[in-house]
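Before any comments, here is the structure.
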Amino acid sequence: MIEINKKEDILIPFSKIGDSDWTVNTKKIIESIADNYGDDLKKTISKEEIFNLEKKLGTSLPENLKLFYETFGIADIGEQLQDFEEVDWIKGIWADAPQYGPDFTEEDKKLLPYLISFSDYLGNGNMFCFHSETKEIYYYDHDSKPYLTKIFDTVDDYLKGCLIFAQNDFSESREIDKWTEEIVSDLVGEKIVRKWRY
């Protein structure tokens, strides 16, 4: 179990997924999350399962998301990575009953055909999606227009941020939230952290 007593104890799991030692700190954090909640570690995802999902979607997943699944499965990262049966085009969510869907802006409507959800933000209806062509990460926020906002260039930054924020639970210090927020803000920018976390 990771123990955090000062800001320097917080692990930054990787610069990018695929770095020579990216699995070491990532594993430490994921094992500590599981240990903290008394959960079992998730099984890894096979190349065949990933291929079948890509076939169903008709597009490829971001390369480093595939590498993460193959290494750690649908791990608890502090936010909810979706099971493969839930990973889907978000345009389909409201297809049968558009009257119950969001009143998308014109800007949103341009993006909507390209976005595939892969993570729920704390089960509150907001989702993280990847763009089927650019593989950039977008945030669907059901509370504010535009509903769809590009938030990261790569999935690496999203997973890294989640794994840093997940360490909030590894300390008794009331400073921990401030420390993790400062670290992630330094990595991706305050504006993104504000959109994501607030």
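The values are calculated or read from the model by the stated rules, or taken from the named source; none is laboratory data. What you are looking at is a predicted structure, and each value in this text was computed from that prediction instead of being measured. In this analysis, Cβ positions are derived from the backbone assuming ideal geometry, glycine residues included, and neighbour counts consider all displayed protein chains.
A few comments on the model shown:
- Filter pass, PRO62 being of a type outside the set (Ser, Thr, Tyr), more than 30 Å from GLY38 (Cα to Cα) and buried (at least 19 other Cβ atoms within 10 Å of the Cβ): yes
- Within the range 73-88, the only residue that satisfies the criterion of being in contact with a Ser or Thr (Cβ under 6 Å, 6 or more places away or on another chain) and not in a loop (DSSP other than H, G, I, E, B) is LEU81.
- Qualifying positions in the range 125-140 - surrounded by fewer than 20 Cβ atoms within 10 Å (Cβ to Cβ) and under 18 Å from ARG194 (Cβ atoms): ASN126
Conditions tested, residue by residue: (1) free of Cβ contacts under 8 Å to residues at least 24 places away in the same chain; (2) out of contact with any strand residue (DSSP E or B) (no Cβ under 8 Å at 6 or more places or on another chain).
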residue: GLY38; (1), (2): yes, yes
residue: LYS42; (1), (2): no, yes
residue: GLU48; (1), (2): yes, yes
residue: THR59; (1), (2): no, no
residue: THR71; (1), (2): no, yes
residue: ILE77; (1), (2): no, yes
residue: ALA95; (1), (2): yes, yes
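- LEU111 vs. criteria more than 16 Å from SER132 (Cβ to Cβ) and surrounded by 12 or more Cβ atoms within 10 Å (Cβ to Cβ): no
- Unique residue being surrounded by fewer than 19 Cβ atoms within 10 Å (Cβ to Cβ) and within 22 Å of the chain's Cα centre (by Cα) when the list is GLU86, GLU106, GLU79: GLU86
- Leading residue by the ranking (modelled with the lowest pLDDT) among those in the range 1-28 that are surrounded by fewer than 18 Cβ atoms within 10 Å (Cβ to Cβ) and farther than 18 Å from TYR69 by Cα: MET1
- So GLU70, is it modelled with pLDDT of 95 or more, part of a helix (DSSP H, G or I) and either of a type in the set (Ser, Thr, Tyr) or surrounded by fewer than 19 Cβ atoms within 10 Å (Cβ to Cβ) (or both): yes
- Annotation: TRP94 fulfils all but one of (1) modelled with pLDDT of 95 or more; (2) touching a helix residue (DSSP H, G or I) at 6+ places or on another chain (Cβ under 8 Å); (3) among the hydrophobic types (A, V, I, L, M, F, W, C); the unmet one is (1).
- Filter result for ASP40 (more than 21 Å from PHE130 (Cβ to Cβ) and over 15 Å from the mean Cα position of the chain (by Cα)): yes
- Evaluated against (1) under 22 Å from GLY58 (Cβ atoms); (2) crowded, with 17+ Cβ neighbours inside 10 Å; (3) of a type outside the set (Asp, Glu); (4) over 20 Å from the mean Cα position of the chain (by Cα), GLY92 falls short on exactly one condition, (2).
- Any hit, the range 29-50, residues being more than 29 Å from ALA166 (Cα to Cα) and at pLDDT 95 or above: yes
- Test for THR44: is it surrounded by 12 or more Cβ atoms within 10 Å (Cβ to Cβ) and not in a helix (DSSP H, G or I): yes
- Residue in the range 100-114 that is within 14 Å of VAL155 (Cβ to Cβ), β-branched (Val, Ile, Thr) and at pLDDT 90 or above present: no
- Residue, surrounded by the fewest Cβ atoms within 10 Å (Cβ to Cβ), within the range 144-180, restricted to residues that are under 30 Å from THR134 (Cβ atoms) and of a type in the set (Ser, Thr, Tyr): SER144
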